[in-house]
Amino acid sequence: MEVTKRGLTFSRLTLGTVQLGLPYGIANKNGKPDETTASTILDAAVAGGITSFDTANTYGNAEQVLSDYFEHRPQRQPRPLIVTKMHLRADAGTTPEEVERMMYANAASSLGNLRLTKLPVLMLHNPEVLDTHAETVTRVAKQLVKEGLVDRMGISLRVYTQAQFDEMWRTVQDDVYEAVQVPINILDTRLLAYLGLQRLDQAGKLVFARSVFLQGLLFMEDRELPQGLREAAGPLSVLRAVAARERMTVAQLAFSFVRDLPQIDSLVFGAETPGQVRDNLRLFHGPAISEAARAEILASFADMPEHIVNPALWEVAKS
């Protein structure tokens, strides 16, 4: 369950906590869990050996939920790796001084919410600000580490095309960014196709994979698909057929596909209930898929439409 890289030891499963602070996901039917349910979700994760937790100061009160929970845990438990994120509301007209103030304010906010003196990992949540402020963000990131406010910096990437990755790589390759989070799943393997994932691994980055289930889209029946996502019915049918031939569920197929990529250090998943945590733990310990199935997946889903695999476009697709 654990991996050690760049001097950090953490679990190969990371519990994403956006669901603990906000209603989240296209397939979410339960809404935001109450305090008791949130605690039982975290109990299930800790009991399963999960020591890595993903959050952000824009996830409602998720940081406080984590802080409240671990404040009452016995000290003998493994120290959790908290990966939080900052969102910078900056545009081309924002001055470098304003960007710097935002970064320090975000770090201070997360430190207060999490009741920590140093953030284990702080990622930039909206990397598009690097288009206009890369030099400032990188300079301040180094300051935050040097001043002991942050242990390791990182970037949560929103890259889908090779052009987007190549542009972002100019900043990401800096050594101050030790961790990255990337969207990758069985329907969207472009990071593999243009060797982006391999470049991150070769650079020694800590690689966290999110969107393994594409926010629940992989499990939706044809009748449940919003009007703008009806085009996903065909690929989802192929996915179900491959899973049947592998004698496993779609969930296991999708999970095993990403889990067994050698460049991935930890899979980020969300849960609305303790049962969903235990389900993901079972998937983690589940079987591998065959090489034939992996090859079929890579060939079948090589050119998926952007509006299906990019959740940022779903609001438009739903209308």
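The values are calculated or read from the model by the stated rules, or taken from the named source; none is laboratory data. All values reported here derive from a predicted model rather than from experimental measurement. Don't worry about glycine lacking a Cβ; one is built from the backbone with ideal geometry, like all the others, and counts go over all protein chains shown. Side chains are part of the model used for accessible areas, which takes the heavy atoms of the whole protein and leaves out ligands, DNA and RNA. Shrake-Rupley method; radii C 1.70, N 1.55, O 1.52, S 1.80 Å.
Mind telling me which of the residues Leu157, Leu187, Leu149 ends up being closer than 16 Å to Val258 by Cα and in contact (Cβ under 8 Å) with a residue 24 or more places away in the chain?
On the way: Leu157 fails: closer than 16 Å to Val258 by Cα; Leu149 fails: closer than 16 Å to Val258 by Cα.
Selected residue: Leu187, the only one of Leu157, Leu187, Leu149 that is closer than 16 Å to Val258 by Cα and in contact (Cβ under 8 Å) with a residue 24 or more places away in the chain.
Can you say whether Phe165 is aromatic (Phe, Trp, Tyr), in a strand (DSSP E or B) and open to solvent by less than 10 Å² (accessible area, probe 1.4 Å), as far as the supplied structure shows? So that I can check it myself, show each step before the final result.
Values: aromatic (Phe, Trp, Tyr): yes; in a strand (DSSP E or B): no; open to solvent by less than 10 Å² (accessible area, probe 1.4 Å): yes.
So Phe165 fails the test.
Note down all Cβ pairs under 6 Å where the first residue falls in segment 297-314 and is aliphatic (A, V, I, L, M) and modelled with pLDDT under 90, the second is in a helix (DSSP H, G or I) and surrounded by 15 or more Cβ atoms within 10 Å (Cβ to Cβ), and they're at least six residues apart or on different chains.
Between residues of segment 297-314 that are aliphatic (A, V, I, L, M) and modelled with pLDDT under 90 and residues that are in a helix (DSSP H, G or I) and surrounded by 15 or more Cβ atoms within 10 Å (Cβ to Cβ), the close pairs are Leu313/His307.
Being in contact (Cβ under 8 Å) with a residue 40 or more places away in the chain and either charged (D, E, K, R) or farther than 14 Å from Gly16 by Cα (or both) is the filter here; which residues of segment 32-55 pass it?
Those that are in contact (Cβ under 8 Å) with a residue 40 or more places away in the chain and either charged (D, E, K, R) or farther than 14 Å from Gly16 by Cα (or both): Thr37, Thr40, Asp43, Gly48, Gly49, Asp54.
Quick one: which helices (runs of 4 or more DSSP H) lie wholly within segment 57-146 and hold at least 2 residues that are of a type in the set (Val, Ile, Thr), modelled with pLDDT under 95 and open to solvent by 40 Å² or more (accessible area, probe 1.4 Å)? Break it down into steps so the answer makes sense when it comes.
Numbers: elements: 62-71, 96-114, 130-146.
No helices (runs of 4 or more DSSP H) qualify here.
Exactly one condition in (1) over 30 Å from Ser52 (Cα atoms); (2) of a type in the set (Lys, Arg); (3) in contact with a Phe, Trp or Tyr (Cβ under 9 Å, 6 or more places away or on another chain) is false for Arg210; which is it?
Just one mismatch for Arg210, condition (1).
From the residues in segment 170-197 that are assigned to a helix (DSSP H, G or I) and open to solvent by 40 Å² or more (accessible area, probe 1.4 Å), which one is nearest to Glu306 (Cα to Cα)? Outline the logic, then answer.
Of segment 170-197, the ones assigned to a helix (DSSP H, G or I) are 170-172, 190-193, 196-197.
Then drop every residue that is not open to solvent by 40 Å² or more (accessible area, probe 1.4 Å), which leaves 170, 190, 193.
Details: Arg170: 24, Arg190: 11, Ala193: 15 Å.
Checking each candidate, the answer is Arg190.
Residues being surrounded by fewer than 16 Cβ atoms within 10 Å (Cβ to Cβ) and in contact with an Asp or Glu (Cβ under 7 Å, 6 or more places away or on another chain): count how many of those fall in segment 297-312.
1
Which one of these does Asp201 not meet: (1) touching a strand residue (DSSP E or B) at 6+ places or on another chain (Cβ under 8 Å); (2) acidic (Asp, Glu); (3) more than 24 Å from Asn310 (Cβ to Cβ)?
Here Asp201 clears every test but (3).
Report the residue count in segment 218-274 for those that are in a helix (DSSP H, G or I), farther than 30 Å from Thr4 by Cβ and open to solvent by less than 10 Å² (accessible area, probe 1.4 Å).
Just the residues of segment 218-274 that are in a helix (DSSP H, G or I), to begin with: 218-219, 222-224, 227-245, 250-259, 274.
Those still in the list that are farther than 30 Å from Thr4 by Cβ too: 218-219, 222-224, 227-245, 250.
Now restrict to residues that are open to solvent by less than 10 Å² (accessible area, probe 1.4 Å): 218, 229, 232, 236, 239, 242-243.
Adding up the residues that qualify gives 7.
Quick check on my filter: what residues within segment 8-56 are on the phi > 0 side of the Ramachandran plot and at pLDDT below 90?
Passing the criteria: Gly25, Gly31.
Please enumerate the residues belonging to segment 147-162 that are open to solvent by 10 Å² or more (accessible area, probe 1.4 Å) and either under 30 Å from Ser237 (Cα atoms) or part of a helix (DSSP H, G or I) (or both). Break it down stepwise before answering.
The initial filter retains those residues of segment 147-162 that are open to solvent by 10 Å² or more (accessible area, probe 1.4 Å), namely 147-149, 151-152, 158, 160-162.
Scanning segment 147-162 gives Arg158, Tyr160, Thr161, Gln162.
So, in segment 124-144, exactly how many residues are without any contact (Cβ under 8 Å) to a residue 60 or more places away in the chain and in contact with a strand residue (DSSP E or B) (Cβ under 6 Å, 6 or more places away or on another chain)? Spell out how you get there, then give the answer.
Filtering segment 124-144 down to residues without any contact (Cβ under 8 Å) to a residue 60 or more places away in the chain leaves 124, 126-144.
Cutting the leftovers down to in contact with a strand residue (DSSP E or B) (Cβ under 6 Å, 6 or more places away or on another chain) gives us 124, 127, 141, 144.
Qualifying residue count for the region: 4.
So how many residues does segment 201-215 have that are open to solvent by 10 Å² or more (accessible area, probe 1.4 Å) and not in a loop (DSSP other than H, G, I, E, B)?
The qualifying residues number 4.
Conditions: (1) closer than 15 Å to Met86 by Cα; (2) out of contact with any Ser or Thr (no Cβ under 8 Å at 6 or more places or on another chain). Val121 meets all but one. Number of the miss?
Evaluating Val121 over (1) closer than 15 Å to Met86 by Cα; (2) out of contact with any Ser or Thr (no Cβ under 8 Å at 6 or more places or on another chain) leaves (2) as the failure.
How do the pairs read when you match residues in segment 268-294 that are under 16 Å from Pro33 (Cβ atoms) with residues anywhere that are aliphatic (A, V, I, L, M) and in a helix (DSSP H, G or I), using Cβ under 6 Å and keeping only pairs 6 or more apart or on different chains?
Ala271/Ile41; Ala271/Val277; Pro274/Ile41; Pro274/Ala44; Val277/Ile41; Val277/Ala44; Val277/Ala45; Arg278/Ala44
Of the residues Arg282, Arg294, Arg278, which single one is open to solvent by 30 Å² or more (accessible area, probe 1.4 Å), assigned to a helix (DSSP H, G or I), touching a Phe, Trp or Tyr at 6+ places or on another chain (Cβ under 9 Å) and of a type outside the set (A, V, I, L, M, F, W, C)?
Sole residue among the options that is open to solvent by 30 Å² or more (accessible area, probe 1.4 Å), assigned to a helix (DSSP H, G or I), touching a Phe, Trp or Tyr at 6+ places or on another chain (Cβ under 9 Å) and of a type outside the set (A, V, I, L, M, F, W, C): Arg294.
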